1. Of the conditions (1) modelled with pLDDT under 95; (2) of a type outside the set (S, T, Y); (3) surrounded by 16 or more Cβ atoms within 10 Å (Cβ to Cβ), K61 satisfies every one except a single condition; which number is it?
2. How many residues, within region 87-98, are in contact (Cβ under 8 Å) with a residue 12 or more places away in the chain and either closer than 17 Å to I157 by Cα or among the basic types (K, R) (or both)?
3. Could you list, in sequence order, all residues of region 29-41 that are open to solvent by 70 Å² or more (accessible area, probe 1.4 Å) and at pLDDT 95 or above?
4. Would you please name the residue that is nearest to F76 (Cα to Cα), looking only at residues in region 108-133 that are under 8 Å from the mean Cα position of the chain (by Cα) and not β-branched (V, I, T)?
5. Out of L54, L84, report the one residue that is closer than 19 Å to G16 by Cβ and crowded, with 18+ Cβ neighbours inside 10 Å.
6. Among the residues of region 87-102, which ones are assigned to a loop (DSSP other than H, G, I, E, B), among the hydrophobic types (A, V, I, L, M, F, W, C) and open to solvent by 20 Å² or more (accessible area, probe 1.4 Å)?
7. Pairs, please: C-beta under 6 Å, at least 6 apart or cross-chain, first residue in a helix (DSSP H, G or I) and in region 103-119, second of a type in the set (A, V, I, L, M, F, W, C) and open to solvent by less than 50 Å² (accessible area, probe 1.4 Å)?
8. Please state which one of V137, V123 is within 22 Å of L18 (Cα to Cα), open to solvent by less than 20 Å² (accessible area, probe 1.4 Å) and in contact with a strand residue (DSSP E or B) (Cβ under 7 Å, 6 or more places away or on another chain).
Amino acid sequence: MVFASPTYFTYPMPLGRLTIGSDGQALCAIAFGEAQLSGEKRATELTNRAANQLQEYFAGKRRSFDLPLAPAGTDFQKRVWRALEEIPYGQTRSYSDIAHAIGNPKACRAVGGANNKNPLPIVVPCHRVIGANGTLVGYGGGTKIKTYLLNLERHAIESDG
């Protein structure tokens, strides 16, 4: 049996650099900017594939990702992240909506904490979660990037119309 080793590589994107990390079989991390992640710094077929899909997303040509994912987190965090993946492209949900979706309606704050710990932003679309009153609350990449991503998706949908 061949064991793949962790790698990461930084790619230029329209919103700045993204560092993409892999355990050798699945994506484990996406970090805004230049980051040193676990493993060897080198591009692989998987990190290149992820970068290509992200470029397609930024060009408005991709609305979902077809990548193996292996985010590290607690069972609760993983349930939240799976719920985030169910938010349709171009739409938003509140923290309360996600808490209800995972069957724990009182867990709004915990959902916010899990959202903040999402190791795969954009691919697991935590940017689609907003405050109950529609405000753009915190985002790991900053609210400027959150606004950029939401506007990108809205514009792509409007272009379809």
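1. So K61 meets the others, but not (3).
2. The total comes to 6.
3. K41
4. So, considering only residues that are under 8 Å from the mean Cα position of the chain (by Cα) and not β-branched (V, I, T), the one nearest to F76 (Cα to Cα) is N118.
5. Among L54, L84, only L54 is closer than 19 Å to G16 by Cβ and crowded, with 18+ Cβ neighbours inside 10 Å.
6. Scanning region 87-102 gives a single hit, I102.
7. Close Cβ pairs (under 6 Å, with a partner that is of a type in the set (A, V, I, L, M, F, W, C) and open to solvent by less than 50 Å² (accessible area, probe 1.4 Å)) amount to C108/A99; V111/V80; V111/I98; V111/A99; A114/V80; N115/C126; N115/V129.
8. Details: V137 fails: open to solvent by less than 20 Å² (accessible area, probe 1.4 Å).
Exactly one of V137, V123 is within 22 Å of L18 (Cα to Cα), open to solvent by less than 20 Å² (accessible area, probe 1.4 Å) and in contact with a strand residue (DSSP E or B) (Cβ under 7 Å, 6 or more places away or on another chain), namely V123.
The values are calculated or read from the model by the stated rules, or taken from the named source; none is laboratory data. None of these values were measured; they are calculated from a predicted model. In this analysis, Cβ positions are derived from the backbone assuming ideal geometry, glycine residues included, and neighbour counts consider all displayed protein chains. Surface areas here come from the heavy atoms of the whole protein model, side chains and all, with no ligands, DNA or RNA. Shrake-Rupley method; radii C 1.70, N 1.55, O 1.52, S 1.80 Å.
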